[in-house]
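Visitor: Would you mind keeping the following structure in view while I ask a few things?
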Amino acid sequence: ASLAAALTRGGEILASVQSLAERNHSLATVSQLKALLDETGIKADELDGIAIGRGPGSYTGMRIAVSVGKTLAWVWNKPLVGISSLEALAYGAWHTRIADDNSPPLNRPEWFIPIMDARRGQVYTSAFEASEGG
């Protein structure tokens, strides 16, 4: 149900978009990406690569993301990498945890367990262990 895209450089988010339009992401995805490039003034030849969410997620949503990512990587001759949506959520939680000045240090590994709605009373989930070293 969501579309999210961002341009980053060295860990800094230069521009991003999030949409909860439920449907019709196939109509908006390419124009949203073009708007991000226009907003930042970045040209395709300046990109180092393309990362796409590879799921889990809706079958149609994954097909749209993979198709757009593969097409742009091919046209722009850029490397393409797929990122687990669950791992990205866990990484974001871990990164937020270690960036919080009020959090105690990670003296032992901690577990991060993201959960995504898979609809029909189901969820996608996985467990990730993280520590100061990664």
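Visitor: Going by the conditions given, is TYR91 within 22 Å of ARG120 (Cα to Cα) and modelled with pLDDT under 90?
Guide: no
Visitor: Do you know which residues across the stretch 58-82 are in contact with a helix residue (DSSP H, G or I) (Cβ under 6 Å, 6 or more places away or on another chain) and either modelled with pLDDT under 95 or of a type in the set (Phe, Trp, Tyr) (or both)?
Guide: We begin by selecting, within the stretch 58-82, every residue in contact with a helix residue (DSSP H, G or I) (Cβ under 6 Å, 6 or more places away or on another chain); these are 64, 68, 76, 80.
Residues satisfying the conditions are ILE64, VAL68, TRP76.
The values are calculated or read from the model by the stated rules, or taken from the named source; none is laboratory data. Only a predicted model underlies this, so the values are computations on that prediction, with no experimental measurement involved. With ideal geometry, Cβ positions are generated from the backbone for all residues, glycine too; neighbour counts draw on all protein chains shown.
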